[in-house]
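One structure is given here, and the rest of the page talks about it.
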Amino acid sequence: MSHPARPTDPTSRQDFWEGVHDTKDVDAVSWWQSVPELSLSLVEQAKVETDDPIIDVGAGWSTLVDHLVARQYRDLTAVDLSTTALGTVRSRLGPAGEHVIFQMADVLDLRPNRRYTLWHDRAVYHFLIEPDERADYFASLERCLHPGGRVIVATFGPDGPTTCSGLPIVRYTHRELAAEFPSYELIATSGEDHVTPWGSTQQFTAVLLRRPD
Ligand SMILES: C[S@@+](CC[C@H](N)C(=O)[O-])C[C@H]1O[C@@H](n2cnc3c(N)ncnc32)[C@H](O)[C@@H]1O
């Protein structure tokens, strides 16, 4: 099934996501949450040190970095295609954001000059409906992550919505999501019924994985 409005190249992806953030308020996107409880719990279970490098891909307006800064994590990178989203978070953090690197980049083509101990993704992977997109994502992950590094990925679950921001998505069970990362060890599964700003619920599936040494 083709989706005419679906952005499939880096430029149209950036235009699309810049447009989303330019035309909405921070707390008017379905994925908004003031406290990312699920992510914070999984970060805790990942057992990374506060000076370990952590990357949040497709960070958007998420408050995850705010909460990690408050918990003394001091090597944080927030990646997104939207400069508007990154700029908002930079302003929101103010001086507290001195430990956060904001990077405009496409998660399908990350070329880092360093490696990370923890990769976090909430609600980006499920947009990758084509196998070659998922292969590009995995290649970025492998370039970014230390051997032994941990991965948190959260997507819509099997009873979640079939679209996000008007785009088709793939819904995953825990087993299906873990299977997307072959050879990675499944450490924990989790999930939540996320309540959108307008009171509907969206089922999320999340996994915590470990890259082999
Ligand atoms: C559904 S939002 C989730 C935002 C955030 N992770 C959260 O949980 O609040 C998806 C985010 O991923 C970003 N995004 C989508 N595709 C991307 C890509 N290929 N590379 C980098 N960022 C991307 C969007 O700009 C948007 O901020």
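None of the figures in this text is laboratory data; all of them are computed from the coordinates on show. Keep in mind that this is a model prediction, so the values were computed, not measured. With ideal geometry, Cβ positions are generated from the backbone for all residues, glycine too; neighbour counts draw on all protein chains shown.
Give me the net charge of D132's neighbourhood, meaning all other residues with Cβ under 15 Å from the Cβ of D132; Lys, Arg count +1, Asp, Glu -1. Net of charged neighbours comes to -4.
Taking the centroid of alpha carbons for each part, the stretch 183-213 and the stretch 84-154 are 16 Å apart.
Does the stretch 90-213 classify as rounded, prolate or oblate by the C-alpha gyration tensor (a ≥ b ≥ c root eigenvalues; a/c under 1.5 gives rounded; else a/b over b/c gives prolate, otherwise oblate)? Since a/c reaches 1.5 but b/c is at least a/b, the shape of the stretch 90-213 is classed as oblate.
Between E142 and L167, the C-beta separation translates, for a Förster distance of 25 Å, into a calculated FRET efficiency of about 0.50. What's the FRET efficiency of T196 with D9 using the Cβ-Cβ distance as r and R₀ = 35 Å, to the nearest 0.05? It comes to 0.75.
Relative contact order, whole percent, for the chain stands at 20, derived from Cα pairs under 8 Å and 6 or more residues apart. Extension gain, K47 to D132, is 27.4 nm, computed as 0.36 nm per intervening residue step minus the present C-alpha separation. Beta bridges assigned by DSSP with both partners in the chain are antiparallel in approximately 50 percent of cases.
If R0 is taken as 22 Å, the Cβ-Cβ distance between S91 and A28 corresponds to a FRET efficiency of 0.80.
Mind grabbing the base-10 log of I(q)/I(0) for the chain at q = 0.13 Å⁻¹? Debye formula, identical points on the C-alpha positions, no solvent, two decimal places. Result of the Debye calculation: -0.68.
Distance between the 7 Å Cα→Cβ label points at N113 and E37: 4.1 nm.
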